[in-house]
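Down below is the structure, laid out as structure tokens.
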Amino acid sequence: MENEEDIYLPQENETISAEDFTFVQKDETIHDKKFQTKPTTFFKDAMKRFAKSRSSVVAAGILAVLIGMAIVVPLADQNDIETPLAEARYLPPKWFDGDLGGFLDGTRVINNAPLDPATGGLPADSEYRSDAIVGNITPHSAYADALTDAVKKYGKGGDVKITNSNVEVEGAFAPKDAGLMSPELTIDLNKEGQSISFYIDAENMSLVADTDLTYFAAFVMKTASDVGDAYIVYPLTPEYHWSTDKLDVITVSDIAAELKKEDGFAEETSLKGYLAAVIGAPSDLRSAANSLLISKVESSFADIVWDDATKAMTNWSVTDQGARDKAGYETGYYTSFNQPLTSIYHSQILYGSFRYDAYQHAFGDKPGVTFSSNEIQSFIDKGWITYEWRLVPGDGMEAGAFTLTAEGEKYCPLRSVQAENYYKNSRTGAVRQEVVGTLSLYRRLASNGQIAKYEMPKYVFGTDYNGYDFLKLLFSGLLVSLGLGFLASGINIVIGLIWGAVSGYFGGTADFIMERFTEILGGVPFIIVMTLIVLLIGSSFGTFLLALCLTGWIGVAGVTRSQFYRYKRREYVLASRTLGASDARLIFKHILPNAVGTIVTSAVLMIPDVIFTEANIAYLLPGTMVLENSFGVTLSNVQKDLAQYPYLIVSGSIVMALIMISFNLFGNGLRDAFNPSLKGVDE
């Protein structure tokens, strides 16, 4: 605008003519200018606002990836998850080849694997394979106090441990003490110099405080009584008191001479019985805490001499097999009344620690596997091998001429041949031939359709107890649960929108009655609803869907009702009603679109809620779900493996967490996009 002083103001009685005016735009065309902005729609505008929320966009991307994997992985991953594969149980996740220190390389650390003390390596019968060890074995010695299989096979030294007995035989004379008894033998009373020495590990013996513990060597005879067999103990040495003597060896230099001192034996020429080292205590102080440790035995009897307690406990050879069988011990020794009071103490065993390739253990080549003639012929027909059977049968036959073809190098399960066996039925004359060779297990599994490729498998999430690929198992379950979630959410949203819209729009008596109904229905815990439905109509996919839809719509209805109460009195609604708009048009054209922001958030969050609910039911009601491969059931099945194989539950939990968080952020982003006035603040 021009300055006020430049504006000409006509004076009073001044005449203004047409010549005083000039046309300012004489040479220009006057027209409307185009809009500088392009027309848009409500949806496009909402998507622009949604794109400004980075967290929501990232969440949408994560959801797209997870949903895409739930669709693609079960189709693309050809590993069988229907047939259990025992060899592949609990394989750790493997993404990379080589030793990466246990980081997703399919290896695990093995501690305390028994080693052969003679070689310092794995024994021939070890459960571990030498070719699966990554790096070197770190050996270390340890002591074992239990007679485990490892101790029986590879332990050495130590002590035989006898604990104080608490057993008495009523009505018959019997020892009140526990002792290590030899196999049954015959003592020649006319022979001198028959001796026995029990070497005591005095330093490591234990006893209850203030116990008057005694120990001695004895000859034990078995006798019949009214209540069964009983044992009579004849001491061959004095009773040594542990509190004062602490002897390192109990020796009887002439057993026959000591026995002749007993009344009734003077006329005997021989006696059958057992030599024993006995530990005793007063009857009121007997306790398993009292122990006698015997490190070795020397005697003039060939059957009861040993210098290695562990070996004696595991490999004792006895002549009286009946006595050994009755005692129930492999050692040839047993204790009074056949009670299990004998064990090992501080047996020394060599252990090793190493990193172990679990995949090589499971799928590595296995020699000594038998292949039938039909299998060999099938390999020949496929062009994988050439093989010439030997014409002359015989024992210990050599292998026939065997060659792998170029195609067989990749596909054939038979890698080499060690021998060929020939069998002929003497009655029918039927002939059967077979080949003993090296099996490539993963190639056989691939040819059977149990794994996807003819190469060493890699399981991204590892395998479970059944040997199933946990990646495929998890995303197959996620697909089932997502399908259930979208279906249940769609039904609940439709019901909730209609119910909430009617209740909120009409209000009054209709709203009062509808609200009381939803309060009653919503007051029943879901777990009870689920249980009742299962009891009434059985367990099925439809049962679970019905249970989810019975009360799942109440939340959407409540949010919709509150939004309708907020918007139904607005001016634009009153204007539309004045112009004759119907109730349906007011609800779905004017009120619902403006309330859609908060409603969308509730609707989107319902999908992960359904998945989470299904997982909870799988935990709380195991066995009632028919969704056998659902996400929740898959996680429930591996919860028992949390302590030993945590990668199973961790991988599933990460997927669950991503699903929950991403749906939450995605829903919040949609709320802000469809209702920008909220600015991310929940009303």
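Only the coordinates and a few stated rules stand behind these numbers; no lab work does. Please read these numbers as outputs of a predicted model, since none were measured by experiment. Don't worry about glycine lacking a Cβ; one is built from the backbone with ideal geometry, like all the others, and counts go over all protein chains shown.
Given a Förster distance of 25 Å, report the FRET efficiency between Met660 and Ala51 from their Cβ-Cβ distance, rounded to the nearest 0.05.
Working: r = 23 Å, r/R0 = 0.92.
FRET efficiency, Met660 to Ala51: 0.65.
Here the 3J(HN,Hα) profile of the range 188-194, calculated from phi with Karplus coefficients 6.51, -1.76 and 1.60 at θ = phi - 60°, is 7, 6, 9, 10, 8, x, 6 Hz, Gly and Pro shown as x. When all alpha carbon pairs of the range 347-496 are counted in 5 Å bins from zero, the resulting P(r) reads 2, 8, 12, 14, 11, 10, 10, 9, 7, 6, 4, 3, 2, 2, 1, 1, 0 %.
With the highest mean first, a sort of the peptides 434-440, 463-469 on other beta-carbon atoms found within 10 angstrom per residue produces 463-469, 434-440. Here the extension length gained between Glu388 and Glu455 equals 21.4 nm, from 0.36 nm per residue of separation less the Cα-Cα distance.
Compared with the direct C-alpha span, the chain from Glu239 to Ala401 gains 50.8 nm at full extension, assuming 0.36 nm per residue.
Roughly how many nanometres apart are two label points built 7 Å out from the Cα toward the Cβ at Lys44 and Asp149? Between Lys44 and Asp149, the label points sit 7.3 nm apart.
Take each peptide in 214-220, 369-375, 634-640, count the other Cβ atoms within 10 Å of every residue, and average; sorted highest first, the result is 214-220, 634-640, 369-375.
Cross-link check: pairs Lys382/Lys424; Lys222/Lys261; Lys152/Lys191; Lys191/Lys311; Lys156/Lys640 evaluated at a Cα-Cα cut-off of 25 Å; pairs beyond the cut-off: Lys382/Lys424; Lys152/Lys191; Lys191/Lys311; Lys156/Lys640.
Which net charge results for the neighbourhood of Pro114, defined as the other residues with beta-carbon distances under 11 angstrom from its beta-carbon, given Lys and Arg at +1 and Asp and Glu at -1? Every neighbour counted, the sum reads -2. Output the pairs from Lys52/Lys472; Lys94/Lys366; Lys52/Lys568 with a Cα-Cα distance over 32 Å in this structure; if there are none, say none. Flagged as over cut-off: Lys52/Lys472.
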